[in-house]
There are 2 protein chains.
Amino acid sequence: MKPIKVGLLGIGTVGAGTFNVLQRNQEDIRRRAGRGIEITMVAARNLDKARKIVNAGVGAGVEVVSDPFAVVNHPDIDIVVELIGGYELPHELVLRAIANGKHVVTANKALLALHGNEIFAAAQEKGVMVAFEAAVAGGVPIIKALREGLTANRIESVAGIINGTTNFILSEMREKGLDFATVLKQAQELGYAEADPTFDIEGVDAAHKLTIMSAIAFGIPVQFDKAYIEGISQLQAVDIRYAEQLGYRIKLLGITRRTRTEDKEGGEGIELRVHPTLIPASRLIANVEGAMNAVLVQADAVGSSLYYGKGAGAEPTASSVIADLVDVTRLATVDPYCRVPHLAFQPNEMTDVAIVPMAEITTSYYLRVYVKDQLGVMADLTRILADAGISIDAVLQKEPGNQVNLDIIMLTHQTREKNIDAAIAKIEALPAVIGKVTRIRLEALS
Amino acid sequence: MKPIKVGLLGIGTVGAGTFNVLQRNQEDIRRRAGRGIEITMVAARNLDKARKIVNAGVGAGVEVVSDPFAVVNHPDIDIVVELIGGYELPHELVLRAIANGKHVVTANKALLALHGNEIFAAAQEKGVMVAFEAAVAGGVPIIKALREGLTANRIESVAGIINGTTNFILSEMREKGLDFATVLKQAQELGYAEADPTFDIEGVDAAHKLTIMSAIAFGIPVQFDKAYIEGISQLQAVDIRYAEQLGYRIKLLGITRRTRTEDKEGGEGIELRVHPTLIPASRLIANVEGAMNAVLVQADAVGSSLYYGKGAGAEPTASSVIADLVDVTRLATVDPYCRVPHLAFQPNEMTDVAIVPMAEITTSYYLRVYVKDQLGVMADLTRILADAGISIDAVLQKEPGNQVNLDIIMLTHQTREKNIDAAIAKIEALPAVIGKVTRIRLEALS
């Protein structure tokens with residue numbers, strides 16, 4: 001068979017990685033795919049740089065252009081690989097490519113988390129594929145595991161370390177006892193964090209990825225606007241240390257889970273939340289360190305399963321882009337009903353189970369209360385929690401620096417977030433309590 | 001579309017699990033697959049038991065028969081699910097099913113490790129699929145990850161904890177300090193080990209699974225007869241304890257890896273070996289405890305990735321059987337070239353890279369030498385190793401029980417197995433050395 005023709009939009013880190021891996025392993029890939037996969041067009045802002053990358057590879061026959069629309073409109077291109085990033089331009093380009101009957105491979109989680117419903121509907125209408133393994137957890141084939149590997153299961157929850165930058169920062173903070181700002185600066189120098197790290201450290205990137213996994217796991221539309229997002233920039237080194245003393249690690253987890261809401265009688269809901277989370281140190285996922293990613297899935301037949309690997313970087317991401325290219329190549333000509341649906345469920349079989357608001361979530365909590373060392377303060381704290389029906393699992397009392405004031409750390413049983421928030425308001429009103437209560441969610445993940 | 005019709009051969013643990021999961025989640029599975037999947041025939045030795053399981057489900061319309069050939073020969077059956085186990089009968093049944101133009105799903109690693117080449121060739125010839133996700137690591141979708149998720153990569157090595165029984169035994173031995181025989185008995189009482197545990201504890205089951213992964217990873221035929229197999233029945237509690245003191249865990253690992261042989265000039269070779277292995281305790285895979293499975297893959301683009309979950313049991317295995325059923329259902333009618341090749345590489349693109357004999361393997365070693373506490377014995381040991389060009393990484397000296405004799409434990413650098421064996425023969429000939437040297441291989445897995 002003739003090789004399939006691929007147009008690349010963007011030849012930055014991932015684009016260059018894709019080009020290089022496809023060149024280096026073309027023999028193995030062809031032996032597997034049974035058909036050649038050729039990048040024949042590349043659109044790039046910096047033409048010189050793009051030509052340099054292309055020419056370092058095979059070069060001949062690859063057309064380098066500055067206008068990405070020239071690629072998506074080109075009649076010879078079968079598959080468009082979108083690696084530009086951002087929202088506006090890729091949105092337009094991907095829709096145009098689909099309208100032109102081309103299959104699309106993208107690593108753009110932001111695009112899919114925000115415009116996935118529109119894009120997948122357009123692709124469905126046109127009978128083309130939009131593949132996006134590279135959009136979640138880089139080189140880890142988690143989309144394939146969720147959509148295909150676990151297809152027999154009713155999935156109960158997905159919990160992931162899906163942002164390498166924040167996991168690197170948290171690992172460094174714990175291992176070296178450093179504070180957030182210091183480690184962030186180091187991470188930027190090492191290239192693990194971007195100059196503007198907001199999307200990573202504030203949890204937005206993780207929420208994009210989680211939104212996509214949530215849709216696939218539960219057969220619901222992507223609903224990024226409903227995600228609860230809390231990053232790690234407010235996290236203090238002292239809490240990481242106390243957590244460790246209690247047998248926990250703090251990770252930025254993306255969690256999506258089936259739940260029951262109070263507002264509707266026995267109503268089903270879906271949790272969709274990203275925040276720092278205490279996890280028992282004995283859990284495998286608690287031991288995922290550095291810039292690595294891992295996704296833990298709970299499902300009814302298979303039980304717990306975990307998928308671990310590099311979540312970013314040129315070649316790990318390229319690994320997923322090319323896996324998608326091979327899948328798309330294989331299924332390019334078959335009847336669309338023979339393909340795996342974009343969001344795992346057939347488009348006419350999606351449900352509209354609501355994302356529950358954060359106040360309705362049930363989980364456990366780590367509370368740190370900074371108090372004047374007065375007789376009776378512990379009694380006040382425990383009374384407030386008891387009145388709210390919140391049980392305490394563990395208490396730790398520490399003197400940070402001076403001998404006068406105390407850190408009181410408590411781990412609670414499961415309770416609704418609105419209950420803990422009400423109790424915290426009462427705790428903060430106690431005269432012996434100094435400043436705000438630090439509250440970090442805790443998941444047993446058992 | 002009409003539902004696809006499935007015939008089940010065997011309704012033991014996995015068969016019943018498959019029946020139950022398919023019934024329980026039929027709505028979700030249909031929403032994903034876009035087509036119903038119906039078990040319409042079941043062949044079982046115990047008809048009463050089979051009817052009981054079937055009737056507890058939907059029941060009506062499922063024909064229960066005692067002759068499995070009635071299923072594979074039945075014109076209405078589209079897919080045959082072989083869950084009988086063993087070699088002879090399944091071999092015949094699977095080949096007959098293929099000859100009859102039926103697709104096959106099997107969990108039978110023994111069958112594929114021994115007869116895979118013949119079976120896949122027959123399936124290729126006939127244009128049908130043989131799917132076997134359930135044959136390796138139970139519910140973990142590792143076959144899909146290797147064949148599809150990592151298809152862009154040149155795979156360097158696969159190392160797996162792929163037998164739950166032995167991992168359970170090793171975990172218990174370490175945690176409770178018990179010896180092998182005691183823990184095996186407990187495992188049998190708990191149902192984690194079979195009455196005749198030979199296949200598990202001697203590494204045969206792991207070698208079956210490793211053989212299949214090796215073929216997929218490297219594009220070579222299945223070659224079970226070339227696998228090196230060493231089980232855990234000779235492993236002593238004292239070595240687990242010493243390993244832990246040195247910062248290692250002992251796991252039964254299946255390892256398959258690209259290597260270079262000495263016998264051919266720069267010749268490529270493949271390692272294929274199952275044996276107890278020391279792993280640094282800090283590695284994620286070293287922390288896989290109990291009956292869980294995990295597979296660590298090293299590949300050029302993606303780097304390290306790991307896949308973890310339940311490796312056995314009715315429903316985890318059923319999860320993979322049904323995932324295969326959905327895949328096969330989706331691709332039942334497409335041109336065969338649109339399907340993923342059985343062993344990842346196109347049948348005409350397999351290579352014949354040789355499996356290297358164990359003497360040619362290069363790895364590190366844990367050696368325990370039991371000696372009379374004589375002056376100069378350490379000098380003799382180190383001289384023998386130095387003469388063989390083997391460097392020592394760590395030494396531990398212990399007095400087990402009495403004050404007269406000593407355990408000397410040494411961790412070596414990498415060396416060829418034939419070198420260490422020659423050195424061990426010399427060590428055992430020393431007058432101060434009592435009995436045999438305990439030798440366990442060590443892998444850094446970095």
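The values are calculated or read from the model by the stated rules, or taken from the named source; none is laboratory data. Computed from a prediction, not measured in an experiment: that's the story for all the values here. Because the Cβ atoms are built from the backbone with ideal geometry, glycine has one as well, and the counts that use them run over all protein chains shown.
Can you tell me which residue in the stretch A:365-386 is nearest to A:Ile250 (Cα to Cα), limited to those that are surrounded by fewer than 20 Cβ atoms within 10 Å (Cβ to Cβ) and hydroxyl-bearing (Ser, Thr, Tyr)?
A:Tyr370
Identify the single condition in (1) among the charged types (D, E, K, R); (2) surrounded by fewer than 17 Cβ atoms within 10 Å (Cβ to Cβ); (3) out of contact with any helix residue (DSSP H, G or I) (no Cβ under 6 Å at 6 or more places or on another chain); (4) at pLDDT 95 or above that A:Glu443 does not satisfy, given that it satisfies every other one.
(2)
Cβ contacts < 7 Å: first residue within 19 Å of A:Asn25 (Cα to Cα) and at pLDDT 95 or above, restricted to the stretch B:299-320; second residue of a type in the set (Ser, Thr, Tyr) and not in a strand (DSSP E or B), any location; separation 6+ or different chain. Result?
Partner pairs satisfying both residue conditions: B:Ala301/A:Ser319; B:Val302/A:Ser319.
State all residues of the stretch A:292-311 that are more than 7 Å from chain B (Cβ to nearest Cβ) and crowded, with 23+ Cβ neighbours inside 10 Å; if no residue qualifies, say none.
If the condition is that a residue be more than 7 Å from chain B (Cβ to nearest Cβ) and crowded, with 23+ Cβ neighbours inside 10 Å, then A:Met292, A:Asn293, A:Ala294, A:Val295, A:Leu296, A:Val297, A:Ala299, A:Gly311 are the ones that fit.
Results for (1) within 14 Å of another protein chain (Cβ to nearest Cβ); (2) part of a strand (DSSP E or B), shown as yes or no for each residue.
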residue: B:Ile77; (1), (2): no, no
residue: B:Gly85; (1), (2): no, no
residue: B:Leu89; (1), (2): no, no
residue: B:Val105; (1), (2): yes, yes
residue: B:Leu111; (1), (2): no, no
residue: B:Ala123; (1), (2): no, no
residue: B:Ala134; (1), (2): yes, no
residue: B:Ala152; (1), (2): yes, no
residue: B:Ala159; (1), (2): yes, yes
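Please work out which residue is farthest from A:Lys126 (Cα to Cα), limiting yourself to the stretch A:353-391 and to residues that are of a type in the set (Gly, Ala, Ser) and not in a helix (DSSP H, G or I).
Residue satisfying both the conditions and the ranking: A:Gly376.
Can you report the number of residues in the stretch B:250-291 which are assigned to a strand (DSSP E or B) and within 13 Å of chain A (Cβ to nearest Cβ)?
Step one: of the stretch B:250-291, the residues assigned to a strand (DSSP E or B) are B:250-261, B:267-280.
Okay, now just the ones that are also within 13 Å of chain A (Cβ to nearest Cβ), so B:258, B:280.
So the count comes out to 2.
For the stretch A:55-64, name all the residues that are part of a helix (DSSP H, G or I) and either within 14 Å of chain B (Cβ to nearest Cβ) or more than 22 Å from B:Asn153 (Cβ to Cβ) (or both).
Residue satisfying the conditions is A:Asn55 alone.
Just to check your reading of the model, which residue among B:Gln236, B:Gln245 is surrounded by fewer than 18 Cβ atoms within 10 Å (Cβ to Cβ) and closer than 29 Å to A:Ala286 by Cβ?
Exactly one residue qualifies, and that residue is B:Gln245.
With the condition kept exactly as written, say whether any residue in the stretch A:103-118 is outside the structural domain of A:Ala291 (by TED's automatic domain parsing), modelled with pLDDT of 95 or more and farther than 26 Å from A:Phe199 by Cβ.
For the stretch A:103-118, residues outside the structural domain of A:Ala291 (by TED's automatic domain parsing), modelled with pLDDT of 95 or more and farther than 26 Å from A:Phe199 by Cβ: present.
Name the residue that is surrounded by the fewest Cβ atoms within 10 Å (Cβ to Cβ), counting only residues in the stretch A:160-169 that are of a type in the set (A, V, I, L, M, F, W, C) and over 26 Å from A:Leu343 (Cβ atoms).
Of everything passing the filter in the stretch A:160-169, A:Phe168 is surrounded by the fewest Cβ atoms within 10 Å (Cβ to Cβ).
B:Leu146 - would you say it is crowded, with 24+ Cβ neighbours inside 10 Å and part of a helix (DSSP H, G or I)? Quick ask: steps written out before the conclusion?
Details: crowded, with 24+ Cβ neighbours inside 10 Å: yes; part of a helix (DSSP H, G or I): yes.
In short, yes.
Can you tell me which residue among A:Leu47, A:Leu89, A:Leu112 is touching a residue at least 40 places away in the same chain (Cβ under 8 Å) and hydrophobic (A, V, I, L, M, F, W, C)?
Among A:Leu47, A:Leu89, A:Leu112, only A:Leu112 is touching a residue at least 40 places away in the same chain (Cβ under 8 Å) and hydrophobic (A, V, I, L, M, F, W, C).
Of the residues that sit in the stretch B:312-327 and are assigned to a helix (DSSP H, G or I), more than 7 Å from chain A (Cβ to nearest Cβ) and of a type outside the set (Asp, Glu), which one is farthest from B:Gly290 (Cα to Cα)?
B:Leu325
When the stretch B:414-433 is examined, which residues are found to be exposed (fewer than 14 other Cβ atoms within 10 Å of the Cβ) and not in a helix (DSSP H, G or I)?
Of everything in the stretch B:414-433, those that are exposed (fewer than 14 other Cβ atoms within 10 Å of the Cβ) and not in a helix (DSSP H, G or I) turn out to be B:Ala429, B:Pro431.
What's the total number of residues in the stretch B:15-45 that are part of a loop (DSSP other than H, G, I, E, B) and either surrounded by fewer than 20 Cβ atoms within 10 Å (Cβ to Cβ) or within 14 Å of chain A (Cβ to nearest Cβ) (or both)?
Of the residues in the stretch B:15-45, 5 are part of a loop (DSSP other than H, G, I, E, B) and either surrounded by fewer than 20 Cβ atoms within 10 Å (Cβ to Cβ) or within 14 Å of chain A (Cβ to nearest Cβ) (or both).
Within the stretch B:328-352, how many residues are assigned to a loop (DSSP other than H, G, I, E, B) and more than 18 Å from the chain's Cα centre (by Cα)?
Count: 12.
Name the single residue that is nearest to A:Lys251 (Cα to Cα) among those in the stretch A:170-215 being among the acidic types (Asp, Glu) and buried (at least 21 other Cβ atoms within 10 Å of the Cβ).
First, pick out the residues of the stretch A:170-215 that are among the acidic types (Asp, Glu): A:172, A:175, A:179, A:189, A:194, A:196, A:200, A:202, A:205.
Next cut, buried (at least 21 other Cβ atoms within 10 Å of the Cβ) only: A:172, A:200, A:205.
On the way: A:Glu172: 12, A:Asp200: 13, A:Asp205: 15 Å.
Here the answer is A:Glu172.
Conditions (1) small (Gly, Ala, Ser); (2) outside the structural domain of A:His91 (by TED's automatic domain parsing); (3) modelled with pLDDT of 95 or more; (4) crowded, with 23+ Cβ neighbours inside 10 Å, marked per residue:
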site	(1), (2), (3), (4)
A:Thr13	no, no, no, no
A:Leu47	no, no, no, no
A:Ala50	yes, no, no, yes
A:Ser66	yes, no, yes, no
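For the stretch B:1-14, how many residues meet the condition of being of a type in the set (A, V, I, L, M) and either within 13 Å of chain A (Cβ to nearest Cβ) or closer than 23 Å to A:Gln346 by Cα (or both)?
Looking only at that region, the number is 4.
Of the residues A:Arg330, A:Arg339, which is of a type outside the set (S, T, N, Q) and more than 7 Å from chain B (Cβ to nearest Cβ)? Lay out the reasoning, then the answer.
On the way: A:Arg330 fails: more than 7 Å from chain B (Cβ to nearest Cβ).
Within the list A:Arg330, A:Arg339, the selection yields A:Arg339.
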